[in-house]
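Below is one structure, written out as structure tokens; comments come after it.
The values are calculated or read from the model by the stated rules, or taken from the named source; none is laboratory data. Here the structure is a predicted model, which means the values were calculated and not measured. Neighbour counts are summed over all protein chains in view; Cβ atoms, including those assigned to glycine, are modelled from backbone coordinates with ideal geometry. Keep in mind that these areas ignore ligands, DNA and RNA; they rest on the heavy atoms of the full protein, side chains included. Shrake-Rupley method; radii C 1.70, N 1.55, O 1.52, S 1.80 Å.
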Amino acid sequence: MNSNVSSPASVTVIVTFNPPDSAGPPAHDVPPVSVAVTPTIAAAAMPAAPIETAAGPTPPVNKLVTAYMPAPAVTAIVSSDMAKPPPEADADVSQKKVSMGEQKTVKPATPTANTSPPTFWAKWKKWLIPALIAVVLGIIGLLAWQMLRPKGPGEGFVSSNGRIEATEIDVASKFGGRLNDILVTDGDFVTAGQILGHMQVHTLEAQRDEALAKHQQSITAVASAQAQVAVRESDRQAAIAVVAQRDSQLDADQRRLARSETLSLEGASSEQELDDDRARTRNARAAVVAAQAQVQAALAAIAAARAQVAGSRATVDAAEATIARIKADIDDSTLTAPRDGRVQYRIAQPGEVLAAGGKVLNLVDLGDVYMTFFVIEASAGKLALGSEVHIVLDAAPQYVIPAKVTFVASTAQFTPKTVETASERQKLMFRVKARISRDLLQSNLHQVKTGLPGMAWLKLDPEAAWPLELVVKVPQ
């Protein structure tokens, strides 16, 4: 065998034996024999293999056959069971060199099946290698995208992430009671003053009726007090008349006393008559004083009556105020929308008993929408109220929403206030609020959603122009 054969191989060899041209039996007595041989080519001599012949099995005979092929020649030991040729043919056949192109055809034999179980590598190599290649290509593509993607609009701009927020309003009951009904549901748009629900007002209605009765009673008391004032006025007039009468009587008594004194001096009248006239005069003077006191008492009674009238009127006013208060409570038991907005969700359900201030509905004012985000100290120092902000939402990246800075926190967050090192100051974050125009919100009221995340872009350089991807684009 040639030295360049390094591994076993199998070929199929067809050998044709012809009888030699020598003395002996005629050639037609020994017909040619064609045998199919599957030898094993190895680096050393291999054991003989059986050969099936047309004449049937014969004793194994080892023959040295040299096959000449277009490729490098190989030497094989052929074992065959065949009809043994005549002795005079053995010498020539054993030394005969058979040409591949003329007497022998060599073909690769079909490999025999391997019955041993497949190894792990044989089982997984069909898909593991492509998978590793795909992973490597993906990593390379990601790195390329990170290196080639745009890095932002420039140094004159800064961005921060935040969420869309809006002013929330809780519609609550002013007084404790049972919730009677709710006229709206989640997601409904409401206008200012629209009725949203009712509280039960049976107790308030009873209190109102009681106040109405007291009000009527107070009105009657006012009328009675006014009548008393009239009576006291009459008493005063009577007292004044008595005073006039007493004055007249006093004047007559004084005149009589004067005549009696003159007559007594002339001796025409007795001392007794003079003393009587003097007593009558003093009595008349006392009667005048008593009558004048009666007038003053009548004036005091009039003042008291008038005060009673004022008290009765105050009672009427108090009753009216009580009625107004109860009516206001009844009106407050009708739940109305304080402003335009959208119902986010119900907090209570009809039939529930609520305490004073119990929440019933949650509204969101879609006319007051803003985004809150945080920027570092270096950026916060360059921001001014009214600065332009462009917002890009994750849910609608095709739109760029304009806004204005309306609030910048005066104190930093996320770090203690006592931190003063230069490296730590760079970590200070300031809260910023950017409000969206009310007109823009009203024109897109049904598309406004709160809680959506997005990016807020701020222009720190007033002279810089907004890049094309951050130019304002709003829904039409």
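Values as computed for the structure displayed
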| quantity | calculated |
| --- | --- |
| Any hit, region 433-441, residues being in a loop (DSSP other than H, G, I, E, B), at pLDDT 85 or above and open to solvent by 30 Å² or more (accessible area, probe 1.4 Å) | yes |
| Among the residues listed as Y399, Y370, the single one being open to solvent by 20 Å² or more (accessible area, probe 1.4 Å) and within 25 Å of R339 (Cβ to Cβ) | Y370 |
| Single unsatisfied condition, I391 versus (1) out of contact with any Gly (no Cβ under 8 Å at 6 or more places or on another chain); (2) modelled with pLDDT of 85 or more; (3) surrounded by 13 or more Cβ atoms within 10 Å (Cβ to Cβ) | (1) |
| Where R282 falls short, out of the listed (1) in contact with a helix residue (DSSP H, G or I) (Cβ under 8 Å, 6 or more places away or on another chain); (2) more than 30 Å from T334 (Cβ to Cβ); (3) among the charged types (D, E, K, R) | (1) |
| Region 373-388, subset hydrophobic (A, V, I, L, M, F, W, C) and open to solvent by 50 Å² or more (accessible area, probe 1.4 Å), residue nearest to V432 (Cα to Cα) | F374 |
| Tabulated pairs, region 195-223, first open to solvent by 30 Å² or more (accessible area, probe 1.4 Å) and assigned to a helix (DSSP H, G or I), second of a type in the set (G, A, S) and modelled with pLDDT under 90, C-beta under 6 angstrom, 6+ apart or interchain | A221/S312 |
| Considering residues of region 333-367 that are aliphatic (A, V, I, L, M), part of a strand (DSSP E or B) and open to solvent by less than 60 Å² (accessible area, probe 1.4 Å) only, the residue nearest to L445 (Cα to Cα) | L366 |
| Looking only at region 156-193, and only at residues there that are among the small types (G, A, S) and open to solvent by 30 Å² or more (accessible area, probe 1.4 Å), the one that is nearest to the chain's Cα centre (by Cα) | G187 |
| Unmet criterion (only one of (1) modelled with pLDDT under 90; (2) within 30 Å of L470 (Cα to Cα)) for S312 | (2) |
